[in-house]
Amino acid sequence: MELQALHGIDYAIMIVYFVATMGLGVYLGRNIHTGKDYFLAGRTLPWWAIGMSLVVSDIGGVDIVGLAGDAYHNGLVLANFDWLGSVPVMLIAAFIFIPFFWRSEVYTIPEFLGRRYNVAIQAIVSGIWLVVMAFNLGVMLYATAEMMNVMLGWGVATSIVASAFSVGLYTLAGGLSAVVYTDVIQCVVMMVGCFIALVIGLNNVGGIEGLYHTIHSMGPEYQHHFQLVQPQDTPTNYPWSGILLGLGFVLAPAYWIGNQAIVQRSLGARTEFEAKASFIWGSLLKLAIPFLMVIPGIVALAHNPNIENVNQAVPILIRDTLPTGILGVFFAAFLAAFMSSVDTNLNSSVTLLTNDFYKRFMNPDASEETMLSMGRWLTFMFIIWGILFAFWVWSRGEGIYTIIQTVFSLYQGPSLSIILLGVLWSRTTGAGALIGMLCGIVSAAAMLFAHTYGDVKLFQFEDPFLFIAWWAFVVSFVITIVASLLTPREPESKLVGYVYRYEGSQAS
């Protein structure tokens, strides 16, 4: 299909937005003088800014391209990743887990687990998150390259490298404070841009009624596209059992309670109340996301049902339907989502590496200034890794949303099990948690390998990441309980401030 060229006003809108965001980030970065400023914004962030940052960091370019692309293929069921996989879990996190994390004054979730359990768990969990965030960074860079390839005509390789280094420079300019406050602008731009794209796209296919009629007239294989809850024998990878068990009980809680990139924002809140309020505000904003991300994927199907690469479904819809000027607004929205997700992963990855490895094992007496310098230097290294993984994702040629969810499914269940048991059950021991977590991760990897390469399929679905996440959680949860009961209790001094029965001052 012939590319619709961007016009001068489109480029002007994008350039103004990009320069304004970069300028704000650099301006706010002038106040960064210590590691605490860089990693936790000096614990001065307001609830409203954190809440908006939570939303735009979670969505990102991956969702504008990947989530909508999966909706193109699988339908409205993808809305569950927000309505079930975000809103209720964020409310639970706000009232139960976030207060614990904030009061502990930790920099990372692995650091919290290290205090509750032992240094081995801290190192393993932090190491896993480092790898996963680097992978996620590569997926984001690839998503951006797909959009630029369709809308600007740039080569995918060129787009990956250009976007990586441009956002890398922006991230180096500021810490968490710059990330969060620029996210506020990015959240507004993203929602406005996606809303405009939704309205124009729906209008072009005859509104909601026209969309429904067009999809159902395409054949019986598309009858499931407007079903939020799908039967067990659904042709998609999202049956009700997988959505409930894998997403609702495992992946969603693990993401909103144990994801360093998410929780780190609340750790920088001014007060415990504002840390809670930020998650509540964010959950309200998340209610709108399926309308802005999932439905456009279904609109793209009605617009062009013959797209082979689903990652290009929404980019092609945008390219074909948005007029001059509005096209620039949407592309600015995509840049907003992309920049927020990338700077989030970079900042959180560096926080993990500097606090959980560099300071913990290599330089325990590192000054705040040294931590800041190390963090900024490591940002460059993560950008290089993200580029390499983006090229690997490109070579795979499959749905990018499925790739990242599959990666998450390998460790999020075991990680969630030791967080839940650690906070809610005082009898959980460090040895029990370590054994349970490792067994859960091994079981997840074994299930994925057996299903992918074995002669007998373990699951009836091509990409069974929801079920792998569920069973890995069960394995880890049960083994952690058994192993904890067979090992000596933890001293009470390690439980104070980290377990619900011991809600006094944090242990040192």
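Each reported figure results from applying straightforward, stated rules to the coordinates on display, with no laboratory input. Small disclaimer: the values here were computed from a predicted structure and weren't measured. Counting neighbours? That spans all protein chains shown, and the Cβs are built from the backbone with ideal geometry, glycine included.
To the nearest 10 degrees, how steep is helix 400-409 against the longest Cα principal axis of the chain, on a 0 to 90 scale?
Around 20 degrees separate the two axes.
If we count GluC sites (Glu not before Pro) as exposed when they sit in a DSSP loop and have at most 16 other beta carbons within 10 Å, what is the longest stretch of the chain that avoids them all? Provide the component values of the computation, followed by the final result.
Values: sites that count: Glu2, Glu105, Glu308, Glu398, Glu462, Glu503.
Answer from the scan: 106-307.
To the nearest 0.05, what FRET efficiency results for Asn306 and Val482 with a Förster distance of 51 Å applied to their C-beta separation? Before the final figure, lay out the partial values.
Details: r = 53 Å, r/R0 = 1.05.
Once the sixth-power term is evaluated, E becomes 0.45.
Calculate the spin-label point distance for Ala120 paired with Asp320, positioning each point 7 Å from the Cα along the beta-carbon direction, and give it in nanometres.
5.7 nm
Normalise the Debye intensity by I(0) for the stretch 8-401, one equal point scatterer per Cα, no solvent, then take log10 at q = 0.06, 0.13, 0.14 Å⁻¹ and round to two decimals.
-0.22, -1.06, -1.22
If one takes the longest principal axis of the Cα atoms in the chain, at what angle in degrees, from 0 to 90 and to the nearest 10, does the Cα axis of helix 465-485 lie?
10 degrees
Per residue and in cubic angstrom, what volume does the convex hull of the Cα atoms of the stretch 410-508 have? Don't skip to the end; give the middle numbers.
Details: hull volume 8.9 nm³, N = 99.
Hull volume over Cα atoms, normalised by residue count, gives 90 Å³.
Can you run phi through the Karplus equation (6.51, -1.76, 1.60; θ = phi - 60°) for the stretch 46-55 and list ³J(HN,Hα) in whole Hz, with x for Gly and Pro?
Per-residue couplings from phi come out as x, 4, 5, 6, 4, x, 5, 5, 4, 5 Hz.
Add -39500 (n - 2.57) for each DSSP H run of 4 or more in the chain, then divide by its residues: what number comes out at 222 nm, to the nearest 500 deg cm²/dmol?
Numbers: 23 runs with 344 residues, N = 508.
Value at 222 nm, helices only: -22000 deg cm²/dmol.
Scanning the chain for trypsin sites (Lys or Arg not before Pro) in DSSP loops with at most 15 other Cβ atoms within 10 Å, what's the longest stretch left with none? Please list the in-between numbers first.
Values: sites that count: Arg30, Arg270, Arg427, Lys457, Arg489, Arg501.
No qualifying site falls inside 31-269, the longest such stretch.
Measure nothing but the geometry: give the 0 to 90° angle between the long axis through the Cα atoms of 412-424 and the longest principal axis through the Cα atoms of the chain, rounded to 10°.
Approximately 40 degrees, to the nearest 10.
If the convex hull of the alpha-carbon atoms of the stretch 189-239 is projected onto planes in all directions, what is the mean projected area in square nanometres? Walk me through the numbers on the way to the answer.
On the way: hull surface 18.1 nm².
Orientation-averaged projected area of the Cα hull: 4.5 nm².
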